[in-house]
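A short write-up of the structure that comes next.
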Amino acid sequence: DHKKAYGLCPASMTIWNADQTYNKTGMEKYLTWLLDNGAQSISICGSTGENISMNMEEQREIFAHVSSFLAGQVPLVCGTGRYDTLNTIKMSKFAQDHGADCVMVILPFYLNPHKKAVLQHFRDIRAALDIDIMVYNNPWFAGYALHTEVVKTLVDAGTIQSIKAAHGDP
């Protein structure tokens, strides 16, 4: 039973210990603070959550912990985008299996892949999941953007259900 992310959905930080390990207690205090201050959905492991600096094991630990801690109180959006499709699908399926309501997938970054490859990336992720996909359209970090017509094509096909537009004119 998945919920739609809605309302105030902060891009959460990840709380770390001084030795750079994940701080579960600190994260729980932070999430409680977000909820107490009006968060209606929670987004984790996006760029604000430092997903680019995590290995896949750390990211899975955070997904499982936060999902368990929130226990369905509010919709949970997990940032699962990796450069490659296979690992994005693996990370997205893990998030789905551990209670995520939606995955947020940044465009494949750095090498600026051909647009047909990007669209296929999202189609392949859609085929593997039962939960919503939010495309993270972030041209500063990805190096390119999906324009309105392309986003509309993905929405009309049922490939994506939402978008996070960053660093530009939404």
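Descriptive notes on the structure:
- Principal-axis tilt of helix 85-97 within the chain, Cα atoms, nearest 10 degrees: 40 degrees
- Long-range amide H partners of Leu107 with built H, under 5 Å: Tyr136, Asn138
- Relative contact order, percent, region 39-116 [alpha-carbon distance under 8 Å, six or more residues apart]: 33 percent
- The mean sequence separation of alpha-carbon pairs under 8 Å and at least six residues apart, normalised by the residue count of the chain, gives a relative contact order of 18 percent.
- Taking only Cα atoms of the chain, radius of gyration then Dmax in Å: 15.2, 46
- Crossing angle, helix 56-70 versus the chain [Cα axis fit, 0-90 degrees, rounded to tens]: 60 degrees
- Close amide H pairs (under 5 Å, H built 1.01 Å from N) link Cys102 with Leu76, Cys78, residues at least 5 positions away or on another chain.
- Per residue, the average separation of C-alpha pairs within less than 8 Å and at least 6 apart gives region 88-160 a relative contact order of 38 percent.
- In terms of packing, defined here as the mean over residues of other Cβ atoms within 10 angstrom, the peptides 147-157, 75-85, 105-115 line up highest first as 75-85, 105-115, 147-157.
- Protein accessible area in region 2-106, 1.4 Å probe - carbon and sulfur %: 52 percent
- Karplus-derived 3J(HN,Hα), 6.51/-1.76/1.60, for each residue of region 124-133, Hz, glycine and proline x: 5, 5, 4, 5, 8, 10, 10, 9, 5, 10
- Size of charge dipole - region 1-98 - debye, nearest 20, with Cβ of Lys, Arg +1 and Asp, Glu -1, no other charges: 260 debye
The values are calculated or read from the model by the stated rules, or taken from the named source; none is laboratory data. Since we're looking at a predicted model, the values are computed, not measured. Every residue, glycine among them, receives a Cβ derived from its backbone with ideal geometry; neighbour counts consider all protein chains shown. Accessible surface areas use protein heavy atoms only, side chains included; no ligands, DNA or RNA. Shrake-Rupley method; radii C 1.70, N 1.55, O 1.52, S 1.80 Å.
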